[in-house]
Every structure is written in C-alpha cells, then in structure tokens.
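**Q** Before anything else, here's the structure in question.
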Amino acid sequence: GPLEEVSLPLYFGWFLLSSIQDKIKCTSMDFLKTLDTLEAFKKHLIDFSGKAEEVDLEQYFQPTGILHCTTKFCNYGKAEGAKEYAEKQAVKDFYGSIFDLSLSALFVTPRTFGARVSLTEEQLQLWPADADAEKQAESVPAAASMPLGSRAHVTLGCAENVEPVQTGVDLLEILTLQQEGQQGEQVEEMELGTLTYYGTGKWLLNLREPISAPACFSSFYG
Ligand code: 2AM
C-alpha cells in the first residue's frame, strides 16, 4: 500500500476537523483570559515570569499549528519502533477514519498549554502498545507505571523556545502527582469546570462537560 512506498512520516496522529479547531481555539483562549485575572493565579505568577510581574497568557503561548493528538512520533523512521507502528494492523485499518476524541481537561504550565485526551478502548488500539510514547518522556520517572495512553493530549500552545514534545511531559507530571495522591489545591469553580493548582506553575482544569472533537487518524510528513 501507499504507506510502504514512501518513507515514514514525522508522526501519526488524530487531526481535529477544522470546525472543532475553531471552537477549541475560542474556548482555550477564553480560559487563558479568565485564568490571567484570577487572584490565585496572580499569587503564583513568579512561576511564569520569574518575577511577580503580569503575564499576558494569550501572548505567552505561541500557537503550534494544526491541532492534533500525536499517537506515534516516527521522525521519518528514525524513532525507535516507528516501522513496527506503521505496520500495525490497526494503523492500516483505521488510516483515514474519523474518531470522536474526548478532551477531558485543559492544563497550563510555564512551558506548555494543552488539552488532555481520554482515549477509548478502540482508540487505544492506535496507541503504541509498548508504551514507548510514555518512555520517550524519560524525564518523568514514574511515567512507566501510568496506564497506557495517559500521555494523550493536544498541544494548544508553547512558551517561547519550548518544543511541543514538552506538553506530554508536563501532562504526565501532573497525572503522576495525582496518582501519588496529591490532591492539589482546588482554587476555583469555573464555568468550564474545577481548577486545581499542583504547585510550580502547574494548573489543571477538569472539564465539567468533556469536549467531543471529531478527528481524522492520519499522518504528517511536513
Ligand atoms: P506534541 O504531540 O506534544 O504536540 C511534531 O513535532 C509533533 O510530534 C508534535 O505534535 C510533537 O509534540 C510530537 N513529538 C515531537 N517529538 C516527540 C517525541 N519525542 N515523542 C512524542 N511526540 C513527539
């Protein structure tokens, strides 16, 4: 098939359809705007600016292009397990299919802004089985013991000089704190859901109503 004839892509993933991209961009910008004005956020500004100075979060995070949830970063075949992933039956079967992704939380750190994706059993068939996506986040030691697919996310923005790969690392850090029993500090009931602070600039908004996002499973060559 066509997947074998050309070299492997930069990555495989779910690409959000354009109608929902606009909706998510609006919702996420509204969230940043609100977060910026909260006293609780201002109290911890030092995490973001190194000084207690105001930050404009909408400027702080640069958009990173088409919204997607990476399943496997292949780096044109140079990444470990890339070929095996491309040859998985589920990858071939579902290539080009539309899925409904459930965006269950928004999170903000001094480095990244993202949305957590809660995968269904069917969607997990497209997640690298050996959890190497998790292993790639070597800077989070406890990540190995997290349930498969914990890292699934959509990057919504990155701080200056931060690579998008950091978003998954940041999410795993927050989930690891949760798993270790850290409750965090519930700071606010917002219209969208409950906002919790996990220390050192880590904020998580659990969405009351998950956002359902139609997305096409495909790949990106760049
Ligand atoms: P992201 O999934 O957090 O957005 C191209 O760089 C895409 O591949 C981005 O979407 C990026 O991060 C993802 N990516 C880059 N390097 C990666 C890695 N080592 N592991 C997993 N995903 C990676």
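**Q** Given the DSSP H assignment, sum -39500 (n - 2.57) over each helix run of at least 4 residues in the chain and divide by its residue total; what's the result at 222 nm in deg cm²/dmol, nearest 500? Display every interim value, and only then the final one.
**A** Details: 10 runs with 72 residues, N = 222.
Theoretical 222 nm ellipticity from helices: -8000 deg cm²/dmol.
**Q** Could I ask something else about it? Using only C-alpha atoms and all pairs of different ones, pull out the Kirkwood radius for the chain in Å with one decimal. All intermediate terms of the calculation are to be shown ahead of the outcome.
**A** Details: mean 1/r = 0.0556 Å⁻¹.
This gives a value of 18.0 Å.
**Q** If the reach is capped at under 24 angstrom between alpha carbons, list the lysines near Lys43, excluding any in the same chain fewer than eight residues apart.
**A** Lys33, Lys51, Lys202
**Q** Treating the angle as unsigned and between 0 and 90°, give the value, to the nearest 10°, between the Cα long axis of helix 165-179 and the longest Cα principal axis of the chain.
**A** Result, in degrees: 70.
All of the numbers you see were taken from the coordinates with simple rules; none came from a lab. Here the structure is a predicted model, which means the values were calculated and not measured.
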